[in-house]
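Peer 1: Have a look at this one.
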Amino acid sequence: MASRRAHSSGDRDKSSGLRNGYSRGPRLNGKPASDLYKKHFYESFEQPPLYVPVLTYMGYGIVTLFGYLRDFLRAWGFEKCHAAQERKEQKDFVPLYQDFENFYKRNLYMRVRDNWNRPICSVPGPTFDLVERVTDDYNWTFRYTGRIIKDVINMGSYNYLGFAENHSEFLKPVAEVMMEYGSGVCSTRQEMGNLDKHIEVEKLVTQFLGVEAAMTFGMGFATNCMNIPALMGKGCLILSDELNHTSLILGARLSGSTIRVFKHNNMQSLEKLLRDAVVNGQPRTHRPWKKILILVEGIYSMEGSIVCLPEIVLLKKKYKAYLYLDEAHSIGAVGPTGRGVVEYFGVDPADIDVMMGTFTKSFGAIGGYIAGKKELVDYLRGYSHSAAYATSMPPAIAEHIVRTLKCIMGLDGTTIGAERIRKLKENTRYFRQHLQQMGFIIYGNEDSPVVPLLLYMPGKVGAFARRMLKKNIGVVVVGFPATPIVESRARFCLSAAHTQEMLDRVLTVLNEMGNFLRVKYSRKPRNSCPELKYDENYFEFDI
Amino acid sequence: MLKIPWNYSKKEGSFFPCPGQQSPNKIVHWLFVGHYWVQLCFYCVFQAPAYHLILEGILILWIIRLLFSKTYKLQERSDLTEKVTESLLRNGSQNHLSLQYQRSTLPPTHKIVVNGNECINFASFNFLGLLDNEKVKNVALASLKKYGVGTCGPRGFYGTFDVHLELEDRIAKFMRTEEAIIYSYGFATIASAIPAYSKRGDLVFVDEAACFAIQKGLQASRSNIKYFKHNDMDDLERLLKEQEFEDQKNPRKARVTRRFLFVEGLYMNTGSICPLPELVKLKYKYKVRIFLEESLSFGVLGEHGRGVTEHFGVNIDDIDLISANMENALASIGGFCCGRSFVIDHQRLSGQGYCFSASLPPMLASAAIEALNIMEDDPDIFRKLSQKCQQIHLALHGISGLKVVGESFSPAFHLQLTRSRGSRENDVKLLQEIVDYCQNRGIALTQARYLDKEEKFLPSPRIIVNIFCIWYSASLSASQNFIVK
Ligand SMILES: Cc1ncc(COP(=O)(O)O)c(C=O)c1O
Ligand SMILES: Cc1ncc(COP(=O)(O)O)c(C=O)c1O
């Protein structure tokens, strides 16, 4: 299984007091730097009671033992092996997979496989319809029953602003462009695939982000891994957060630069690496690094944490490094007018050298952008791997992005965009506060619409997801290797399209489920009873 | 810093160091000891050879320098970067040719408006003309109405739609393989598939002319790469033999080193076809697995458009993995890999572009399904396409100064200068003049774009000519005349 954190050096440092339910009074060089933050910045990573990780490890141990036993039975033909086999003609080739590679898949993943890749057959809006599937052989194969599970509440899609929708009125311009241009492009940006629609999107993105220029690409993943190599090369240093997304890691690796990893959102660790890099230069030769690039994300999708941007900007200026900020999850989702973490912290966009983001999340489309200074974007137009070798964004998608951007910016003459941003913020606070009140351990920033709820034990992961589906709620659960081995979790993504009733239903069910599965591990003080109060004036907003 | 343990006696104002409460006797004793040492030094100085003295002198001076030179302070050193930090961008980006993008306004179908001129399009990879097909558009529209635009999630997390499953199924059936997997971007397909199988330490044999996506995938896999000359089977066999010899020396390592052979059906960079039957023979002889990239040949070659395997009549099961993008003949977006389940299924957890990126928008998947329907219903288009290719190929032969590179049945071939104008830059300029000339006269051509610094084996400058099967002969002959110039 591909690990998301392929280059993280190991488990996170739990001993540093930083992680345990701290209210981050931001610090720099040991001095509090609270004046950097215009508002309260609270992130929590509470640790469970000690018996939880112990039991979790035991759980994995038992599953592994049984895995060996069953592999033994399979090898001797006592148990039928369902996995696809190598062709007879090629049995004498070097095996395509090493045995241990698939041990995890055969013996752990297969037991809970039904909780992923669930097929849906409607808009991935606040509720969706799932195609029912059953298995007759313990998840090795699935059979579709032909029935449809209607109106499942969707707590999994990254539909932050609710733009995954199919109102015919909203879709009209998209449909028109599609009928005019067709669905694809059939060429690259540098050859014949530079359409007027792309230029329109780029203008709007530029305006939205308050930068000099922007360029769009056909896929968010590829935006990272095909542009970082155009910027960095041999003799350059990349400092990357340990929880960065695979696409950033891959891009960094493809660039051929040296990569060093700092602890998640830990400014001391970053500063140490920066100082070390500036003082010592390259290994052996001690020549100074050609360039130093800090790679961070806006919101980390597995932790729900928000990057400490003001401190990073300070550090970056102090050590003359460059900053690459991936706003995949944060653009549209945070900030008073949805302009991402840059606006959330009130940082000047000109201080971020490369602003990257994707259109797959808040905008409900596909593709990515890179924005920044005009020279940067002009340079990328010439040298980005994506511009020269990969197909450009389909015009209909571009039209959809234009529409959503206009809506968010209020250029369509309505306040729908602003309302959605406000609603998302409300939903986020509401949901997070109630989960915390109920005694769940949830990670991350109080303003992050990504809400990880810690389940820890592998057995509970499968049980949780299945039972939630029985109650018509679709949740995402993630375990090792996407998370540290003891920190399996469920992840909720809030959306502006979630209504009060939906959230209340989810919360009620979660409350029962938490009691049933005994996953309310939090030891934080909470108010006596978690009543589900929803009041428009309940929260303060500084918009 | 040295700490001086003695206090200077201020009272007497003398220079004598006065250790605490010690008596004068002690001081006298110390003076004696000092005197003795000074005498000893003089004695040594007069006895020692000259070079010794010089050396010692230098040594003492050096020690003094070390003692007095400044210790190294962090804050002061950090300004060091100011002078050496390079700009994030490489120099010379300003007047790069590719900055001057062509700007197309009408849909890039067979007619296109480029920089304000209406042209016949020879520049897009829309071979079957499906981009402008009403049926495809209508199906995509219906899908748009049902599912909206984006999927808002990777395949694992509610990003799997019923149309994705249908498309995978249809592709597998069309190609007559066990399983297919789709990606949301053509480039990411082979670039993610390669590192899913080939790991550090594995051995990879690649054609020199392999496209950029393969090169990037190989780089990500960190395997050992061996390049063989373009389409040169003898060279490949030589490499394989060499490897066999190596293996005999180290059989234990050989038993765990996977070997792969990466080839393209029709090469994007040269327009020529790979000798698949020979490759398959070599596969079984030397036990390497063949991965075949068919982005140009899928939907083009073969009686039913199944690509090079059908063209040569090779059993598709002999190829371990076939990958192609749906951005050329299928005129949609995305890519797929197909083959046996044993091979393909592995990507569902290990293909990075598959697991960690949002899935293909359902309307594009529906468009691809409809395009497949059309290809299945009317295999005649492949014959027509091949005819048109040959016609244009013939017509373009014998233009003075330009040579045609590529197979005559390939819908994407290249025009190259017969004689170089000295440097790459001049060649590029001349070709650009030709492109501009044609564009002003209603023919859209484009140069193949390469990133000079990134390519392992940089192809020489060239113009790509793409053929559509839906052109009318009248416009064709007109075009020929113009290109002939
Ligand atoms: C931080 C980050 N960057 C990039 C991506 C990839 O974006 P896309 O889904 O548009 O390929 C993701 C998606 O999950 C992400 O979380
Ligand atoms: C199985 C699986 N699929 C997909 C993903 C993609 O997650 P994201 O959308 O954050 O990239 C993950 C995340 O780690 C995963 O573990």
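Bear in mind these aren't lab numbers, they're just calculated from the coordinates by the rules spelled out. Quantities reported herein were computed from a predicted structural model and do not represent experimental measurements. Methodologically, a virtual Cβ is constructed for each residue, glycine included, from the backbone with ideal geometry; neighbour enumeration extends over all protein chains shown.
Peer 1: Using 7 Å Cα-to-Cβ label points, what is the B:Leu67/B:Tyr437 separation (nm, one decimal)?
Peer 2: Rounded to a tenth, the inter-label distance reads 8.1 nm.
Peer 1: Counting only other residues whose beta carbon sits under 14 Å from that of B:Arg258, what net charge do I get with K and R as +1, D and E as -1? Before the final figure, lay out the partial values.
Peer 2: Values: positive: B:Lys199, B:Arg200, B:Arg222, B:Lys226, B:Lys253, B:Arg255, B:Arg259, B:Lys283, B:Lys287, B:Arg289; negative: A:Glu86, A:Asp92, A:Asp99, A:Glu101, B:Asp202, B:Asp247, B:Asp320.
Counting the neighbours of B:Arg258, the net charge comes to +3.
Peer 1: Go ahead and collect, in residue order, the members of the range B:397-413 whose backbone nitrogen is under 19 Å from a label point 7 Å along the Cα-Cβ direction of B:Arg383.
Peer 2: The answer is B:409-411, whose backbone nitrogens lie closer than 19 Å to the label point.
Peer 1: Could I ask something else about it? Which percent, to the nearest 5, of DSSP beta bridges fully inside chain A are antiparallel? If you can, show how the numbers build up before the last one.
Peer 2: Numbers: 33 of 52 bridges.
Close to 65 percent.
Peer 1: I need A:His434, B:His393 ordered by Cβ neighbour count within 10 Å, fewest first.
Peer 2: On the way: A:His434 22, B:His393 19.
Going from sparsest to densest Cβ surroundings: B:His393, A:His434.
Peer 1: Further question: Estimate the FRET efficiency between B:Asp235 and B:Lys146 by the formula 1/(1 + (r/R0)^6), using the beta-carbon distance for r and 45 Å for R0, to the nearest 0.05.
Peer 2: Working: r = 52 Å, r/R0 = 1.16.
Rounded to the nearest 0.05, the efficiency is 0.30.
Peer 1: Using the per-residue mean of other Cβ atoms lying within 10 Å as a proxy for protection, in what order, highest first, do the peptides A:237-243, A:479-485, A:389-395, B:254-260 fall? Could the numbers behind the result be given before it?
Peer 2: Numbers: A:237-243: 24.1, A:479-485: 18.7, A:389-395: 27.6, B:254-260: 17.1.
In decreasing order of mean packing, A:237-243, A:479-485, A:389-395, B:254-260 become A:389-395, A:237-243, A:479-485, B:254-260.
Peer 1: Still on this structure, please answer the following. Of B:Lys253/B:Lys281; B:Lys135/B:Lys384; A:Lys88/B:Lys384, which sit over 29 Å apart, Cα to Cα?
Peer 2: Working: B:Lys253/B:Lys281 24 Å; B:Lys135/B:Lys384 20 Å; A:Lys88/B:Lys384 39 Å.
Beyond 29 Å between Cα atoms: A:Lys88/B:Lys384.
Peer 1: Could you compute the FRET efficiency for A:Arg87 and B:Lys403, with r as their C-beta to C-beta distance and R0 at 51 Å, rounded to 0.05? Before the final figure, lay out each step's value.
Peer 2: On the way: r = 43 Å, r/R0 = 0.84.
Efficiency computed from Cβ-Cβ geometry: 0.75.
Peer 1: Next question, about the same structure. Can you tell me the mean projection area, over all orientations, of the convex hull of the range A:168-409's alpha carbons? Units nm², please.
Peer 2: On the way: hull surface 50.5 nm².
Across all orientations, the range A:168-409 yields a mean hull projection of 12.6 nm².
Peer 1: Quick check for you: which residues of the range B:199-237 have the amide N under 14 Å from the point 7 Å beyond the Cα of B:Glu244 toward its beta carbon?
Peer 2: From the range B:199-237, the list is B:234-237.
Peer 1: Sticking with this one: What is chain A by shape, rounded, prolate or oblate, if you read a ≥ b ≥ c off the alpha carbon gyration tensor as root eigenvalues and call it rounded for a/c under 1.5, prolate for a/b larger than b/c, and oblate otherwise?
Peer 2: rounded
Peer 1: Which residues in the range A:131-151 place their backbone N less than 20 Å from a point set 7 Å from the Cα of B:Asn373 along the Cα-to-Cβ direction?
Peer 2: Backbone N within reach: none found.
Peer 1: Averaged over B:134-147, how many beta carbons belonging to a partner chain fall within 10 Å of each residue's beta carbon?
Peer 2: Numbers: counts 2, 0, 3, 8, 2, 1, 8, 8, 0, 2, 9, 6, 4, 8.
Going residue by residue through B:134-147 and averaging, the value is 4.
Peer 1: Tell me which of A:Met179, A:Val307, A:Pro394 sits at the most positive position along the dipole axis of the range A:168-409, charges placed on C-beta atoms (Lys, Arg +1; Asp, Glu -1).
Peer 2: Comparing the listed Cα positions along the dipole, A:Val307 ranks first.
Peer 1: Going by the alpha-carbon gyration tensor, a ≥ b ≥ c the square roots of its eigenvalues, is the range B:134-377 rounded (a/c under 1.5) or, if a/c is not under 1.5, prolate (a/b greater than b/c) versus oblate? Intermediate results must be reported in sequence, preceding the final value.
Peer 2: Details: a/c = 2.37, a/b = 1.67, b/c = 1.42.
Prolate, because a/c is 1.5 or more and a/b exceeds b/c.
Peer 1: So, one more: On average over all directions, what projected area in square nanometres does the range B:372-441 have, based on the convex hull of its Cα atoms? Before the final figure, lay out the partial values.
Peer 2: Values: hull surface 25.4 nm².
If I average the Cα hull's projected area over directions, I get 6.4 nm².
Peer 1: Equivalent-ellipsoid semi-axes (√(5λ), Cα gyration tensor) for the range A:154-193, whole Å, largest first?
Peer 2: On the way: eigenvalues 148, 55, 10 Å².
Output for the range A:154-193: semi-axes of 27, 17, 7 Å.
Peer 1: Limiting things to C-alpha atoms, what are the Rg and the maximum Cα-Cα separation (Dmax) for the range B:244-283, in angstroms?
Peer 2: So, for the range B:244-283, Rg and Dmax equal 14.5, 40 Å respectively.
Peer 1: Let me ask something additional. When a/c is below 1.5 the answer is rounded, else prolate if a/b is larger than b/c, else oblate, so apply that to the range A:114-245 with a ≥ b ≥ c taken from the square roots of the Cα gyration tensor eigenvalues. List each step's numbers first, then the result.
Peer 2: Details: a/c = 2.16, a/b = 1.41, b/c = 1.53.
Oblate shape, in that a/c is at least 1.5 and b/c is the bigger or equal ratio.
Peer 1: Related question: Given R₀ = 56 Å, what would the calculated FRET efficiency be for A:Leu55 paired with B:Glu166, taking r from the Cβ atoms and rounding to 0.05? Display every interim value, and only then the final one.
Peer 2: Numbers: r = 43 Å, r/R0 = 0.76.
E between A:Leu55 and B:Glu166, to the nearest 0.05, is 0.85.
Peer 1: What chymotrypsin sites (Phe, Trp or Tyr not before Pro) does the range A:161-193 have in DSSP loop regions with at most 12 other beta carbons within 10 Å?
Peer 2: Numbers: sites: A:Phe163, A:Phe170, A:Tyr181; in loops: A:Phe163.
For chymotrypsin sites (Phe, Trp or Tyr not before Pro) across the range A:161-193 that sit outside H, G, I, E and B with at most 12 neighbouring Cβ atoms in 10 Å, the list is empty.
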